[in-house]
């Protein structure tokens with residue numbers, strides 16, 4: 001009886017996983033199939049892979065100005081992630097090492113930022129930017145990305161840094177290492193798993209984010225990839241170009257897929273180590 005119940009439970013679990021996988025993968029298959037159709041082909045998207053044409057990709061690549069928008073997204077994502085990692089590790093270092101009420105207050109102060117959605121304060125923030133004469137360029141959304149990512153990133157690094165033995169720093173201190181030397185040469189290299197986790201989570205969000213670039217970027221030459229895709233949705237006068245839109249979605253996701261394929265081992269090891277340490 002027990003073996004029968006166990007077998008039935010295993011079959012049910014596999015069925016659930018199969019159904020969940022099909023539901024999750026189906027939209028991606030439909031997008032990929034439609035992206036290989038010509039823009040004027042409006043056949044039902046449920047008819048998969050009935051045509052293989054690069055015309056939609058060609059149209060999306062040209063109309064988006066893909067290389068320009070790719071460069072904008074790369075600058076925004078890479079620049080934001082680098083600053084986030086540096087500031088978050090520097091903030092978490094004294095919070096994790098100094099055993100005082102002030103450090104605990106700072107810890108909860110950063111955590112409080114997790115419960116405040118950026119969309120709630122976007123209007124006053126935009127007004128402040130206007131009064132400070134901050135131009136609407138590709139660098140303006142980086143300010144929002146960095147500030148919105150710091151609470152989670154500081155929380156992540158603080159929890160991981162508490163697992164780094166203090167004795168390692170004490171040995172470096174006894175050998176005459178300064179504070180900055182201990183931080184950059186001793187502590188920071190040991191934070192690699194947490195750094196990888198931070199880069200993945202925050203980098204994916206920043207790369208795919210549409211809201212902040214839409215609000216704070218006014219020039220077309222400074223658009224990021226998600227903003228450039230929206231032009232294919234159309235309006236009342238111009239119908240949506242679904243096949244071209246799907247092709248642009250694939251083009252936007254392709255750099256992330258390539259990066260993951262090249263650095264898959266580092267990503268998996270970093271996340272796994274971070275989970276064990278945390």
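The values are calculated or read from the model by the stated rules, or taken from the named source; none is laboratory data. From a predicted model like this one, the values you see are computed outputs, not experimental measurements. Here the Cβ positions follow ideal geometry from the backbone for every residue, glycine too, while neighbour counts run over all protein chains shown.
Scan segment 194-206 and tell me whether some residue there is over 20 Å from residue 62 (Cβ atoms), more than 14 Å from the chain's Cα centre (by Cα), at pLDDT 80 or above and crowded, with 19+ Cβ neighbours inside 10 Å. Yes, that holds for at least one residue. Of all the numbered requirements in (1) more than 20 Å from the chain's Cα centre (by Cα); (2) modelled with pLDDT of 85 or more, residue 135 misses one, and that requirement is (2).
Among the helices (runs of 4 or more DSSP H) contained in segment 112-175, which hold 1 or more residues that are in contact (Cβ under 8 Å) with a residue 40 or more places away in the chain, out of contact with any strand residue (DSSP E or B) (no Cβ under 6 Å at 6 or more places or on another chain) and under 22 Å from residue 78 (Cα atoms)?
Those helices (runs of 4 or more DSSP H) span 140-161.
Go through 188, 184, 211 for me and flag whichever is over 19 Å from the mean Cα position of the chain (by Cα), surrounded by fewer than 16 Cβ atoms within 10 Å (Cβ to Cβ) and modelled with pLDDT of 80 or more. Steps first, please.
On the way: 188 fails: surrounded by fewer than 16 Cβ atoms within 10 Å (Cβ to Cβ); 211 fails: over 19 Å from the mean Cα position of the chain (by Cα).
Within the list 188, 184, 211, the selection yields 184.
Of all residues being closer than 18 Å to residue 40 by Cβ and in a loop (DSSP other than H, G, I, E, B) in segment 214-250, which is modelled with the lowest pLDDT? Just the residue, please. Result: 237.
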